Amino acid sequence: MTDEKIDFSALDPAQDPSRWERLIESVAQRALAGRARPNRLLLQLSTWARPALALAAGLAIAIWCAVLATGGRGTTTTETHTDPVVALATWAMNDAIPTTVDPVVVLGGSNGSK
Amino acid sequence: MVGVLQVAVDRRASAQCGVKMLDPERTAEMVVAAKHGDATAFTALVRAFLRPAYAIALSVLRRPADAEDVAQDALLVAFEKLDTCNEPRRFAGWLLTIARRRALNALGSRKVREAHAKGDGTEVVSSARWPDQVGLRERLLQALDQLSPLQCQVVLLCDLEGWTHAEVGTALGISELMSRQHLFNARRKLRGLLATEGSVEAQHDR
């Protein structure tokens, strides 16, 4: 008769009910502890999120104010004079005609390989 | 002695454990509650699925102590990854897949360990040497060893856990008909093996 069950009770891990019950409790506890860990991390992150955001906003405002205070100039006069690329680009954009001396001053001692 | 080896008509086996698989709706409820950290739901899920996970691990490892460790491990991993279980109704199948994979990993590690032990000349301790695993238990394990992994899983889930074919089919991803077929073949094979062993043992006893 193959529709009758095979007796696997010898392999049944719950043969000792109290031991099995302890095992169930232990696994459930460990599983719960494992789940709680990431939650605590999330809680920490959410606690610090607002101060971190406020700090970032403050820094952004400070940097913005500093930029406004310097007049928003992209390049300084010194840079214009010393950086050949900037100087040449400025002349080209403004259709300015440099004097004969200007290219020499801008390029300085460089041989044009810069 | 033959009596010990007999393939018992055992309706006691499923009644004895008193644990029935949760139906899919109830399982889904428990999984959702567990996702929200409900301790009662965790316990209910462990109670319902630790034994099935053990049965699957046993079908791969064929050593009860190892299977118990893997079953616990599989449940812990499943709970850690619970948020990735997109279909709570199918928690059983999802968990048993985890259990099967972890059992296969454990089996691989065990084979490597045993190969190293042989290489070192260390004596490999057979499970048969442990006093708690001799007798009927050992014979059952040896007989189970002759079954295919799927036959072994089906017969353990049906006869050890008391699952229905519908439940087994859903959990293992096979049809109900296939589950019946595997169970029929597994039982026939086990009966043959255990009966042969029984008669050999009886002759030795005389």
Selected from B:TRP163, B:PRO149, B:PHE184, residue furthest toward positive end of dipole (the range B:145-194; charges at beta carbon): B:PHE184
Efficiency of FRET between B:GLU176 and B:GLU80 - r from beta-carbon atoms, R0 41 angstrom, step 0.05: 0.80
Sites A:ALA54 and A:ALA96 - FRET efficiency at Förster radius 56 Å, r taken between beta-carbons, to 0.05: 0.75
Rg ratio (alpha-carbon, reference 2.2 N^0.38 Å) - the range A:13-72: 2.47
Protection proxy ranking of B:50-58, B:83-91, B:165-173 - average other beta-carbon atoms within 10 Å, highest first: B:50-58, B:165-173, B:83-91
For B:LEU147, residues with placed amide H under 5 Å, excluding near neighbours: none
Cα→Cβ-extended label distance, 7 Å offset, between B:ALA195 and A:VAL104, nm: 11.7
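Readers should treat all values here as calculations from the given coordinates under stated rules, not as data from a laboratory. Keep in mind that what you see is a predicted model, and the values were worked out from it rather than measured. As a convention, Cβ positions derive from the backbone with ideal geometry for all residues, glycine included, and neighbour counts pool all protein chains shown.
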